[in-house]
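Heads up, the thing below is written out as structure tokens.
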């Protein structure tokens, strides 16, 4: 293992190889979903992807923008901040690696959506400042039970 000098003059091990990278989705709470859909689609010209009863999804240059109405699961607490969703290959491996670093998960890995060819798995954590983050993975149904 390569050693690097720490600020206090001690040596410290290199950081572990696992790390979060690409943001795959951002959740934005909205009060009026139909009005918000019209604004993002018609006024801003964003590409509309799909809609569920309390959610709408847009393409923001390869990052999904999820508009969440107050009655969407987890969106009814009147928060006004976004949720960052980080793409990972394996949600379980990401949870293990992050837990080993002391990260607290507020919701375990679960299927958030069943798509035609894959399931969308997510796990939610908080950053200690009251902000919610998530790790998410699109998993072919044959790869996971």
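Every number in this text was worked out from the coordinates using simple rules, so none of it is lab data. All values derive from a computational prediction rather than experimental measurement. Positions of Cβ are generated from backbone atoms using ideal geometry, with glycine treated the same way; all protein chains shown enter the neighbour counts.
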Where labels lie 7 Å past Cα in the beta-carbon direction, separation of residue 110 and residue 90 in nm: 2.3
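Treat the count of other C-beta atoms within 10 Å as a stand-in for reagent exposure and order 92, 127 from fewest to most.
Numbers: 92 16, 127 11.
Least crowded to most crowded, the residues run 127, 92.
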Per-selection Rg to Rh, region 21-143 - Cα, Kirkwood hydrodynamic radius: 0.97
Residues 136, 46 arranged by fewest to most Cβ contacts within 10 Å: 46, 136
Ranked 37, 23, criterion: other C-beta atoms within 10 Å, fewest first: 23, 37
